[in-house]
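Participant: One structure follows; several queries about it will come next.
The values are calculated or read from the model by the stated rules, or taken from the named source; none is laboratory data. Source: prediction; values computed, not measured. Counting neighbours? That spans all protein chains shown, and the Cβs are built from the backbone with ideal geometry, glycine included. Just so you know, the surface numbers come from the protein's heavy atoms only, side chains and all, with ligands and any DNA or RNA stripped out. Shrake-Rupley method; radii C 1.70, N 1.55, O 1.52, S 1.80 Å.
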Amino acid sequence: MPEKPKLGEILITCGLITQEQLDIALKEQAQKGGYLGQILVNKGFVSSSDISRVLQQASPKIKQWDGLAKMLMIENIISQQQLDQAAAKSNLTKQPIDKTLIELGYVTEAVIASVLARYLDIPYVKLSDLEIDPKVAHLLPISLIRRYRMIPVRVEGNALFLAMSDPLDIDALEEVRLVSKYKIKQMVAAEKDILQAIEQHFNIQQMAKQMLSDLPSIESELEKEILTSGKAEIGAEEPPVARFLDSVIHEGIISRASDIHFEPQYPQMRMRYRIDGVLHDIMNIPKRIESAVISRIKILADMDITERRRPQDGHISLKYNNNEYDLRVSSFATIAGEKIVLRILDKSGMLVDLGGLGFSLDELNKFNSLISRNYGIILVTGPTGSGKTTTLYAALNQTDKITKNIITVEDPVEYKLEGINQAQVNPLAGITFATGLRSILRQDPNIIMVGEIRDLETAEIAIHAALTGHLVFSTLHTNDAPSAIARLIDMGIEPFLVASSLIGVLAQRLVKTICPECKEEYRPENAALEELGLKSSDRDYLFKRGKGCNYCFNSGYRGRTAVFEIMTASEKIRELIATRQSASKIKELAVEEGMHTLRQSAIEKVIAGISTPEEIKRVIFIQEE
């Protein structure tokens, strides 16, 4: 086993303490016990911030090369080749090597945690095997637990055993010691297990009750205080409603909510999160603070707080856990009051890799073939919220941004993409999709992305751009890929123009994926197989489903993936388009030529154990003949 660097040696090497000071601290540690770093701080030899800074610099090196990686090889957990591959990718992505090894599937978080524990001589704990007393879990504030990703496990005498993913975090240890007044005993646990334990003991409903109980009666003076505070970050001394709203937003981010709905009802305002495409009731907000909550949101979003009848749009930028978020705010007057919706956009978490969207290998090859063309129009279709923009962004991100001029016109620009010129629709300034697209054509573009084709004028300009040597991406709202052709012709585009310019249509939907923490296998009944068009005589099918756990709100699902239908415009399909054949005939020919329909792609996700028949029936509503 490689010799591990000691804290004292690191501090001496950095010139922060002397050998004599280290000897004094070690002697006291031997007599009284305790954490060496804290002893050094208590004696005034070094500050806690200096120790934290040094360990933050040294810890990644300790984990990456001097200890953890070598131990993984010594214990035959990974090979030298795997380590080299992970190191190469880590250098490119600037991601810690342990995270890269997990991402590549060479190790699990639990293995990393257990090896790290052995390397540091700190106990490893598998939290799923423990029953943590709720009173112990709540010994520390939730803000502290979430910030440092740790959770109290048990108390023995005056010692608090603390499960941590990073046991070398001096700031965390010092803050816990000051808050709890306990002597801290570190334990190492997998970060995923810690997060799951946090969700179990601090779920949204519990937090909602706590947040509401902290709110006093709202008086006029408090409302004035709320309206004068425009901060959107945690940590400042804020009025109660401001702290309440901060907590609601941050809990929404932690819960992976895409939207937060504030809905005036009688007798209370309802607050809901949309998670994985489904709305969840979180809490009822008392009427007495409804106007104060709405006013606070409007102030943060730079909206007119005196206007309560006209719909308004606003924007909030904030940071949480070192990630940047954009919140798109929309207000709408109902008979019960103003309804507010916050759309949460994670700037750092935007998925821009086609391989991670849910394409099968065959589908990915087909789509890559389409986007590698030099000219023509590619359409992505589906209902609102089906992931069309994400797919377009991923496609644009894969194009050559060095030698090609790429310009977009969007409504709105949801994420900023490096190396791409993005413009936003602004009707007040006279910038619509049509006028923006017309201006783009004078900017010598190679690739154009139009957020949506809504009218004949936009469609005509996009078609003519595709015919004059530009690669054009856009979206339409249709049920399947062949229907996009009928939609363009209904708008007034001549069929021969559609046939000449179209190179492919991709239809897509988002389906929920089975929760990995409570996934189980089962053998489906024959009736369920027949409903999916499968025969039990063909093979012994084993499906998967989620039992429901704290990790997935007892829903059995966590996360979403896309299912696709890709229709390429072959010569035969072009002939059908030019002669105004129906969408059903075009679809029939596309299937003959190898197109997998949305339904077929979704069924493949069920067979692969990614989603369930119930979810497929909920989302894929197209009936096939």
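Participant: Viscosity 0.692 mPa s, temperature 37 °C: give me the Stokes-Einstein translational D for the stretch 273-394 in µm²/s, with Rh taken as the Kirkwood radius over C-alpha pairs. It would help to have the intermediate numbers written out before the result.
Facilitator: Values: Rh = 17.8 Å.
Rounded to a whole number, D works out at 184 µm²/s.
Participant: Let me ask something additional. Using the scaling law 2.2 N^0.38 Å as the reference, what is the normalised Cα Rg of the stretch 560-625?
Facilitator: Values: Rg = 13.9 Å, N = 66, 2.2 N^0.38 = 10.8 Å.
With N residues counted in the stretch 560-625, Rg over 2.2 N^0.38 Å equals 1.28.
Participant: Simple spin-label model, 7 Å along Cα-to-Cβ: Leu279 to Thr306 in nm?
Facilitator: 3.2
Participant: Among all cysteines in the chain, which have no other cysteine Cβ under 4.7 Å from their own Cβ?
Facilitator: For the chain, the answer is Cys14, because their Cβ atoms have no other cysteine Cβ under 4.7 Å.
Participant: What does the accessible area of Ser500 come to, in Å² to the nearest 10, when a probe of 1.4 Å is used?
Facilitator: Accessible surface of Ser500 is approximately 70 Å².
Participant: Also: For the chain, which whole percent of the accessible surface, found with a 1.4 angstrom probe, sits on carbon and sulfur atoms? Working shown, then result.
Facilitator: On the way: 14540 of 30200 Å².
The computed percentage sits at 48.
Participant: If you don't mind, another one. At a Förster distance of 35 Å, what's the computed FRET efficiency of Asn76 paired with Leu364, Cβ-Cβ distance as r, to 0.05?
Facilitator: Numbers: r = 34 Å, r/R0 = 0.97.
It comes to 0.55.
Participant: Report for the chain the percent antiparallel among DSSP-assigned beta bridges with both residues inside it, nearest 5.
Facilitator: That works out to approximately 65 percent antiparallel.
Participant: Any idea of Val278's accessible area? Nearest 10 Å², probe 1.4 Å.
Facilitator: 40
Participant: In deg cm²/dmol and to the nearest 500, what is the mean residue ellipticity at 222 nm of the chain if only DSSP H runs of at least 4 residues count, each as -39500 (n - 2.57), divided by the residue total?
Facilitator: On the way: 27 runs with 258 residues, N = 625.
Mean residue ellipticity at 222 nm (helix-derived): -12000 deg cm²/dmol.
Participant: Sticking with this structure for a sec: Of the listed peptides 557-565, 116-124, 194-202, what is their order by residue-averaged count of other C-beta atoms within 10 Å, with the highest listed first? It would help to have the intermediate numbers written out before the result.
Facilitator: On the way: 557-565: 22.7, 116-124: 17.0, 194-202: 19.4.
The packing order, highest mean first, is 557-565, 194-202, 116-124.
Participant: For the stretch 99-172 and the stretch 548-623, what is the centre-to-centre distance using only Cα atoms, to the nearest Å?
Facilitator: Answer, in whole Å: 42.
Participant: If you don't mind, there's one more thing I want to ask. When N is the residue count of the stretch 304-373, what does its C-alpha Rg come to as a fraction of 2.2 N^0.38 Å?
Facilitator: Details: Rg = 19.3 Å, N = 70, 2.2 N^0.38 = 11.1 Å.
Scaled against compact globular proteins, the figure is 1.75.
Participant: Among Lys135/Lys181; Lys99/Lys512; Lys512/Lys544; Lys366/Lys572; Lys388/Lys416, which pairs are too far apart, with a Cα-Cα distance over 20 Å? Show your work: numbers first, answer last.
Facilitator: Details: Lys135/Lys181 16 Å; Lys99/Lys512 25 Å; Lys512/Lys544 13 Å; Lys366/Lys572 18 Å; Lys388/Lys416 16 Å.
Among Lys135/Lys181; Lys99/Lys512; Lys512/Lys544; Lys366/Lys572; Lys388/Lys416, the Cα-Cα distance tops 20 Å for Lys99/Lys512.
Participant: Can you tell me the accessible area per residue over the chain, all protein chains present, probe 1.4 angstrom, in square angstrom? List each step's numbers first, then the result.
Facilitator: Numbers: 30200 Å² over 625 residues.
Result: 48 Å² per residue.
Participant: How many percent of the alpha carbon pairs in the chain exceed a separation of 31 Å?
Facilitator: Details: 121948 of 195000 pairs.
Percentage above 31 Å: 63.
Participant: Applying a 10 Å radius around every beta-carbon, put 518-528, 443-453, 280-290 in order of their mean neighbour count, most first. Walk me through the intermediate numbers first.
Facilitator: On the way: 518-528: 12.8, 443-453: 20.5, 280-290: 17.4.
With the highest mean Cβ count within 10 Å placed first, the list reads 443-453, 280-290, 518-528.
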